[in-house]
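Colleague: Handing you a structure now.
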Amino acid sequence: MLWHQCSLWASHALLLLSFVLSVLPVSLSIGAATLASLADPPRKSNGLSDVVQWDNYSLFVHDQRIFLHSGEFHTFRLPVPDLWLDIFQKMVAAGLNGVSIYIHMGATNPSRGVLDFNDWRALQPIFDAAKLAGIFVTLRPGPYINAETTAGGIAHWITSEVAGALRSNASDWTAAYQPYISGIIDAVVPNQVTEGGPVLFVQVDNEFSQFDTSEAYFADLEAQYRNGSVVIPLTYNDPGEGNNFINGTGAVDIYGLDAYPQGFDCSNPTRWSGVTTNYHSYHESADPAEPWYMPEFQGGAFDPWAGPGYDACEVLTGADFEDVFYKQNWAANVKLISYYMLYGQAYRRALTCLAGTSWGGFPFPGVYTSYDYGSSIRETRALSAKFDELKRQGLFLRSSPEFRKTDWIGDTSTGIPEVTLNGSAAFVTLLKNPDTSTQFFITRQADSTSTANISFTLTAPSSQGTLTLPPTTGSIALNGRQSKLIITDYSFGARGSVLYTTASIFFAGTIGQRDVLFLFGDANQSHEFALTLAGSGTRSTSTRLEFSDSTVGKGITNVAVQPGSNELLTIWDSLSQLILFADPVTAATFWAPAVKSQTRNTVPGFESFWQLGTNTTVLVGGPNLVRNATISGNTLVLRGDLNASVPLTVVAPSAVKRVTWNGAPVSVQSSGALLTGRLTQNANVRRVTVPKLTGWKFKDSLPEIQPGFDDSAWTVANKTTTNINLQPLFGDGRVLYGCDYQFCEGHVLFRGHFNATGSETGANLTIYGGSGFAASVFINDQFISTAFNGGDHVNALFPFPDGSIIPGQDNVVTVVQDNMGNDEDSGEKSPRGIAGFSLNGGTFDTWKVQGKVGGYTNFPDKVRGVMNEGGLFGEREGWHLPGFDTSSWTARDISEGLPSGGAGVGFFVTTFDLAFPKDTDAFVSFQFETTNTQQYRALLFVNGWKYGKRVANRGPQTKFPVHPGILDFNGKNTVAVALWALNSTAVSPSLELVVDDILDGGVGAVATNNPVWEPRS
């Protein structure tokens, strides 16, 4: 059959042979690798292992050339290990084969000499879930990660205790980070791809410039990894086209660039920046001997405090952005790329946005709790319309081995030999596979921001001579912000050949004995392709289709698709070949799960991985998600999610006669190559309700301002030196920064004592809390004011009200300060606390400071970790924890606010039960009032986890998603709200529990790990 096929296109014979061997099942991969190596440039490696190699085109893993198609996910922002597989399965379902993961040093190394890789901080569950899903891991442990996290991920204790420059070769910094890196090494070594594990790369630090001390720092890090037996490639992420760490001391194995070309103005979500046009030339000048790697490319957009919200960011970086900007990267010949963020997280050098949740003390001051980022997988874990476009691209890349090795030939600006573009409003770049001569013309509008509808034609060489495309339908359309691949001489499956296509390729491969090609294109446009229709089969009778014999090649059929409705068309169906066409929306309802099918060349440990473990797949159309598929005898066993009852369409090997869905049989009918049926959502799913939040109990949480409050156990703030960047501005030299006393996260309280003479009139304070912080100041039990100006500090006079001073006695100025997290980059050693103080008409005797119980060395809640709690009285007492006895508290609804009607802090606590049906996955949120006009801040605790920070006079966030594992979907739950009224105006919050969506299916059982209250000293 192979030689018969090639006899039709004799000039293409050797090229087709090379390609066919490269795409046949894994059992032929050795032959494919041997043949391919004849034409490949010499491979490179780091000299420590040949399991991972590369040339100037792309990466090789176990001799398989791969396109690394990855997305960013931060497990610390989803502290439920049982849900990590959920995210990985969704990534793989979109055709991705890689995940990039930051590890947060501050969470795992809470104090000097303490490493905590337990519970949700553990690394082995990450690797186990990745291996089960079949996805490679790029581990990015910092120590500096940026990631919109406090201190850029560097442990808070370091920002206070280390005098030397961070991220340098300073000896005290080196001594501080090395134990953490040793812990990373211990976890990575047995999980490297060289050992059958999923860890492909380890990134060295993140986003830095190359100079003398940073070179030495990078060299030290790299030496520690190598001395610890890390043999996989070490990589780097350059924050812009800086040529950093490509050569010289500290240079890494594989260099990469991060880029966010669309910017972050979600307030104007339809205003685009143009695509970056010099990526290819930059790579050629900076690093041409290595494959082009982008460890971070924009996957969404950051939204700041008081911003428009992440739905606007999803518009700014929507499916059209992915279509144009991601394919522009392809046009630059990028072959390794990771989208930041993919799951509700996103990043930029200074303003990172990540989907997921920045709970507790994780955020840096620029972001609020939600890290949704308008990503392809939203913070709730729901799939967005962007996910559909990602999948359309991902399955094309997975299906197209010829695209993994391409030469950049030229573009509209440089000229392309033998190619003519007819249409000045269009722009084209040509990539060509040097072995098969397959050509990929990547087209977009010359003005990539244009929303106009344009059309063009393309004249180009092919195996059958010069073609003018399209020959039948007149022109190729681009509707506004759209990009298309026009492809010539493309091979699919074992024997399939496409001469050209102006339609996009969704899937190409072999299913059973059939070569399958699934094309798609907008329903309001015309499309055309030419190919050899193999076998004795049936053509579609749709009036939208025109079949004609090609004039340029024997046995080639031209197929023209006219505009029409959204539908799936079976163009050709024979025992050896299936050709499908659909609109983009219909195509995106299909999934192509890898089916484990071990052969003699399956790489041990990689049975779940596409290419290395299996090349067997099926097509499944209809469900919200297909998580996995297996074939047992004549039965296709599917597991996945439904958000509605839907028609089912399956393309499977001809031996498959039966289908099950989540363990239940599905009635299917055979129609040629297709099996069709219907998947019915469990009726109980839509009957799910959640209770109203009632029965609130209340207690005051600011006893510190009451007469006689005993702060004798508090820490005396008497240090006179600090390693924080900002030295005290004024006062008597005492340092009043919380982190210098181990109080680095959340609220910190300061109490300044003085023996009054009666002449004291006020306190002059300079308070630093990070951008957008607030601080309430009291004299004795009287409120003065709350400082807030949107900046990172306030310098103000706080005048004492008449009669507030008690002469001859101890008087106290109390400051309740909201710590918004430490800054990033060079600002990790951020001042957080009182940078200057003076008492007008007097002198402060003693300053006391209090934050979380135990500070960072002895905090009691080891499961939730160092980032969970701050220093409010209720937090210190554990009022937010399940099981705390509130029976003696006052019954008071949260909508009634504080009893005083003025400034202060109070805790509201209630419990509720949930009883969700088995095998469901619900997206549940806590919804405050939707306006941002009230003068309060609030902390939301769910089963003890600080899972929300509400700033009601600033916003934008009013809804806080909370996942199973934090919530007990079948049991009792505790919710606590620490309400901080900022001034003398009464506030009236509202809070309700809502179900955003509920799916029939899910990843499986999700365990809770919510330790209950125990007495605290």
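Colleague: Put a dot 7 Å past each Cα toward the Cβ at Val114 and Ile806; how far apart are the dots in nm?
Modeller: The modelled label-to-label distance comes out at 3.7 nm.
Colleague: For Ala175 and Gln669, what is the calculated FRET efficiency with R₀ set at 41 Å and r taken between the beta-carbons, to the nearest 0.05?
Modeller: According to the calculation, E is roughly 0.05.
Colleague: Could you tell me the distance between the Cα centroids of the stretch 842-868 and the stretch 530-552, to the nearest Å?
Modeller: Each part reduced to its Cα centre gives a spacing of 74 Å.
Colleague: Report in % the part of the accessible area of the chain that belongs to carbon and sulfur, leaving out ligands and nucleic acids; probe 1.4 Å.
Modeller: The value for the chain is 50 percent carbon and sulfur by accessible area.
Colleague: Averaged per residue, what accessible surface does the chain expose to a 1.4 Å probe, in Å²?
Modeller: Heavy-atom SASA per residue in the chain reads 32 Å².
Colleague: Let me ask another. Mind checking the dipole of the stretch 592-717: about its Cα centre, +1 per Lys or Arg Cβ, -1 per Asp or Glu Cβ, Debye to the nearest 20?
Modeller: 940
Colleague: I would also like to ask the following. Nearest 20 debye, what's the magnitude of the dipole of the chain about its Cα centre given +1 on Lys and Arg Cβ and -1 on Asp and Glu Cβ?
Modeller: Value, rounded to 20: 2380 debye.
Colleague: Which of the aspartates and glutamates could a cross-linker span from Lys949 if the Cα-Cα distance has to be under 17 Å and same-chain partners fewer than 8 positions apart are dropped?
Modeller: Those aspartates and glutamates meeting the cut-off are Glu148, Asp303, Asp372, Glu379, Glu745, Asp818, Glu869, Glu875, Glu929, Glu992.
Colleague: In whole percent, what relative contact order does the chain give with Cα contacts below 8 Å and a gap of six or more residues?
Modeller: This gives 11 percent for the chain.
Colleague: So, in Å, what gap is there between the alpha-carbon centers of the stretch 200-216 and the stretch 913-973?
Modeller: First find each Cα centre; the distance between them is then 38 Å.
Colleague: Could you tell me which of Gly71, Tyr236, Phe520 has its Cα farthest along the dipole of the chain towards the positive end, charges placed at Cβ (Lys, Arg +1; Asp, Glu -1), taken about the Cα centre?
Modeller: Working it through, the farthest residue towards the positive pole turns out to be Phe520.
Colleague: Another one. Mind running the shape call on the stretch 385-592? Use the C-alpha gyration tensor, a ≥ b ≥ c as the square roots of the eigenvalues: rounded below 1.5 for a/c, prolate if a/b tops b/c, oblate otherwise.
Modeller: Judged from the Cα gyration tensor, the stretch 385-592 comes out rounded (a/c under 1.5).
Colleague: In nm, what is the difference between 0.36 nm times the number of residues separating Arg686 and Ala986 and their Cα-Cα distance?
Modeller: Going from the current span to full extension adds 104.1 nm.
Colleague: Between rounded, prolate and oblate, where does the stretch 542-606 land on the alpha carbon gyration tensor, with a ≥ b ≥ c its root eigenvalues, rounded for a/c under 1.5, else prolate if a/b exceeds b/c?
Modeller: It is oblate, given that a/c is not under 1.5 and a/b is not larger than b/c.
Colleague: So what does Arg271 come to for accessible area, using a 1.4 Å probe and Å² rounded to 10?
Modeller: 150
Colleague: For Lys554 and Arg658, what does the FRET efficiency come to when R0 = 51 Å and r is the distance between their Cβ atoms, rounded to the nearest 0.05?
Modeller: The formula returns an efficiency of 0.80 here.
Colleague: Kindly point out which whole DSSP H helices in the chain project their C-alpha atoms 20 angstrom or further along the helix axis while averaging a Kyte-Doolittle hydropathy of -0.5 or above.
Modeller: 171-188
Colleague: Could you give the length gained on full extension between Asp732 and Arg43, defined as 0.36 nm per residue of separation minus the Cα-Cα distance, in nm?
Modeller: 241.5 nm
Colleague: For Lys554, list the lysines whose Cα falls under 28 Å from its own Cα; do not include residues on the same chain fewer than 8 positions away.
Modeller: Lys432, Lys484
Colleague: Could I ask something else about it? What shape does the stretch 64-383 take by its C-alpha gyration tensor, where a ≥ b ≥ c are the square roots of the eigenvalues and a/c under 1.5 counts as rounded, a/b above b/c as prolate, and the rest as oblate?
Modeller: rounded
Colleague: Of [x] 72, 43, 29; [y] 56, 30, 25; [z] 68, 37, 24, which is the value of semi-axes √(5λ) of the Cα gyration tensor in Å derived from the coordinates here?
Modeller: Read-out from the structure maps to [y].
Colleague: Now for a separate question. Could you name the aspartates and glutamates whose alpha carbon sits less than 19 Å from that of Lys405, not counting residues in the same chain fewer than 8 places away?
Modeller: Those aspartates and glutamates meeting the cut-off are Asp40, Asp55, Asp63, Glu284, Asp287, Glu290, Asp435, Asp489.
The values are calculated or read from the model by the stated rules, or taken from the named source; none is laboratory data. Since this is a predicted model, take the numbers as computed values, not measurements. Glycine gets a Cβ as well: all are built from the backbone with ideal geometry, and neighbour counts include every protein chain shown. Areas reflect the complete protein model, heavy atoms only, side chains present, ligands, DNA and RNA absent. Shrake-Rupley method; radii C 1.70, N 1.55, O 1.52, S 1.80 Å.
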